[in-house]
Amino acid sequence: MLFLIMTALLILPVLIILATLIYKGGPAISWEFLFDDPREGMTAGGIFPALVGTIWLVAVALLVSVPLGVAAALYLSEFAPDNWFTRFINLCIINLAGVPSIVHALFGVGAFVLFFGFGTSILAASLTLAIMTLPIVIVATRESLQAVPLAFREACWNMGATRWQTIHRVVLPNAVSGILTGVILEVSRTTGETAPIMFTGAAFFLPFLPTSVFDQTMAMSLHLFVISTQVPGVPDHLPYGVALVLIAMVLTMNAASIGLRMYLRGKKKW
Amino acid sequence: MHEPIMNETRAANGGNGHDAIFTRDLNLWYGDFQALFDVNLAIKDGMITSLIGPSGCGKTTFLRSINRINERLGYVRTEGSILVFDTDIYGGEVELAQVRKQIGMVFQRPNPLPISISDNVLFGFQLHGEGRTRMHKSEKEEIVEAALKQVLLWDTVKDRLDSKATELSLEEQQKLCIARLLPVKPTILLMDEPCSALDPKGTEAVEELIWELRGDYTIVIVTHNMAQARRASEECIFMLMGKVVEHTATEDMFVTPAKKETADYIEGRYG
Ligand SMILES: Nc1ncnc2c1ncn2[C@@H]1O[C@H](COP(=O)(O)OP(=O)(O)OP(=O)(O)O)[C@@H](O)[C@H]1O
Ligand SMILES: [Mg+2]
């Protein structure tokens, strides 16, 4: 009974949020809303540039952090000797995960915008997001690599497999669903983050689509922040509409990753 | 059917020319703990040798140093030499993958990979078949059939080669684990208590299989089961506290043990 109540308490807020969003934001959603530029000082029109911008930001961030994170996790769990240096790296990763996103934002400004000279651009913002979510990918990947039973590895080594063959044929196929879980989490977090992109690449209002990673862009999360707090006279349904689309994006991507995960699991026959 | 790898080192290391495994002053430490003391053994080619001794005496450690699996643990230190068909496996020019290919190992708990039965059998073979990009389907089937027949498993699984290996019974899994070693043509099979996870019927079946493989492979089998050692081996090694106490023909060891410790152990006076 207690568990039932606790579960209900967990689910209830989610349901309430979703219901409110759909109730208040639902009427805003239309073809024009999704595929039109914001107009009249962002008090009317659509969200297309922000939608596209968020997709850019997330995609570029993933392109950077997933290969980097998976490679780092592979090294840490399969190759690195167990010494003080490895332990130090692990400590750093844990701490990196705890750094507030506004600090990441300032780091992004210092490192990518200024030092590397990317300016305020998708590249700088995505790199900041990538750094911020790297620990998620590393930790999830490392955990799923370490969950692969030693017996499988030993079976492999015993048949003369090299380290790489073992990783490639046994460890990775077994770990892939766990890795995807990490990526899902990363996507969710990346999509919603506002602070890290605010100073590094996202613009308040920019009714053009980005053409390269060196352009600035609008983004859903920042747009939501702007129209709910910075612009007077925005009709009520607009911010709710934006929030609804943002949540829908995250949920869709999660669903896609889960689908992919199930597909992979089915394919590998175990 | 074995091709000795090289002969030059034989004289230098004192092998007598009939040994599959020859160790000289083998000492092994886990960190500060010494698990093997001056192990000098000559295990004959083509025979079944059983390795007995109380729990913790270093049987597993010895087996695992022969195929160099121990060194995966960073804190293991080995001294002395191990010759496998006269090649020093710790020698600089020796490739680890070659060593492992030549020496197959069977574990206490069957550890089939969670893929299909035929993929399990082909796994090792495909690891080493790098040169060729594609293997003919019929060629694969032949390999699978030959290996499974050799371990007396073919008749029970021939209709479900594509089902998961982990769905087999423990006995069948253990046989499969032996089968998957065979396509890479090992010369030595190391078995660490291969029957201890099995019921009496399974034990009997796997023993029968091991006996069947005698002659084609050099087999070293660790066992806690005296009856099994006696039934299923030609030579027997008794270890105690990391040292080899006695190594003779199995019959002699069980009828007229030379050392008092051996007699005590055989009669069940140790754990
Ligand atoms: N990975 C390890 N790290 C540290 N010590 C170990 C390790 N493996 C084994 N030992 C120690 O080395 C000694 C020999 O162990 P080993 O596993 O070789 O014994 P065994 O004869 O196989 O025993 P059993 O019959 O129980 O399988 C034991 O005292 C054990 O505690
Ligand atoms: Mg053991």
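Among the residues that make up region A:76-87, is at least one of them touching a helix residue (DSSP H, G or I) at 6+ places or on another chain (Cβ under 7 Å), part of a helix (DSSP H, G or I) and within 30 Å of A:Leu251 (Cβ to Cβ)? There is no residue in region A:76-87 that is touching a helix residue (DSSP H, G or I) at 6+ places or on another chain (Cβ under 7 Å), part of a helix (DSSP H, G or I) and within 30 Å of A:Leu251 (Cβ to Cβ). Counting only helices (runs of 4 or more DSSP H) wholly contained in region A:161-218, the ones carrying 1 or more residues that are within 14 Å of another protein chain (Cβ to nearest Cβ) occupy A:163-166, A:172-192. Taken across region B:216-237, residues that are at pLDDT below 90, more than 16 Å from ligand 1 (Cβ to nearest atom), hydrophobic (A, V, I, L, M, F, W, C) and within 18 Å of the chain's Cα centre (by Cα) do occur, with at least one present.
For region A:140-160, a residue qualifies if it is assigned to a helix (DSSP H, G or I), more than 9 Å from every other protein chain (Cβ to nearest Cβ) and in contact with a helix residue (DSSP H, G or I) (Cβ under 6 Å, 6 or more places away or on another chain), and the qualifying residues are A:Ala140, A:Thr141, A:Arg142, A:Ser144, A:Leu145, A:Gln146. Summed over region B:21-68, residues that are part of a loop (DSSP other than H, G, I, E, B), within 11 Å of ligand 2 (Cβ to nearest atom) and of a type in the set (S, T, N, Q) total 1. Considering region A:106-128, the residues that are aromatic (Phe, Trp, Tyr) and free of Cβ contacts under 8 Å to residues at least 12 places away in the same chain include one that is surrounded by the most Cβ atoms within 10 Å (Cβ to Cβ), namely A:Phe116.
Among residues of region B:177-219 being within 16 Å of ligand 2 (Cβ to nearest atom) and within 14 Å of another protein chain (Cβ to nearest Cβ), the one that is surrounded by the fewest Cβ atoms within 10 Å (Cβ to Cβ) is B:Ala197. Close contacts from region B:36-62, counting a first residue that is within 14 Å of another protein chain (Cβ to nearest Cβ) and a second that is within 16 Å of ligand 1 (Cβ to nearest atom), with Cβ to Cβ under 9 Å and a gap of 6+ residues or different chains, come to B:Thr60/B:Gln108; B:Thr60/B:Asp192; B:Thr60/B:Glu193; B:Thr60/B:Val222. For region B:63-77, a residue qualifies if it is at the interface with chain A (Cβ under 10 Å from one of its Cβ atoms) and either under 17 Å from the mean Cα position of the chain (by Cα) or hydroxyl-bearing (Ser, Thr, Tyr) (or both), and the qualifying residues are B:Arg64, B:Asn67, B:Arg68, B:Ile69, B:Tyr75.
When the residues of region A:200-251 are filtered to those that are farther than 23 Å from A:Leu123 by Cβ and polar (S, T, N, Q), which remaining residue is modelled with the lowest pLDDT? Once the filter is applied, the top-ranked residue is A:Gln230. Among the residues of region A:94-120, those identified as farther than 17 Å from A:Ala195 by Cβ, assigned to a helix (DSSP H, G or I) and of a type outside the set (Val, Ile, Thr) are A:Asn95, A:Leu114, A:Phe115.
Residues in region B:137-172 that are within 14 Å of chain A (Cβ to nearest Cβ) and buried (at least 22 other Cβ atoms within 10 Å of the Cβ): B:Ala147, B:Ala165.
The values are calculated or read from the model by the stated rules, or taken from the named source; none is laboratory data. Every value quoted in this text rests on a predicted model; they were computed, and no experiment measured them. With ideal geometry, Cβ positions are generated from the backbone for all residues, glycine too; neighbour counts draw on all protein chains shown.
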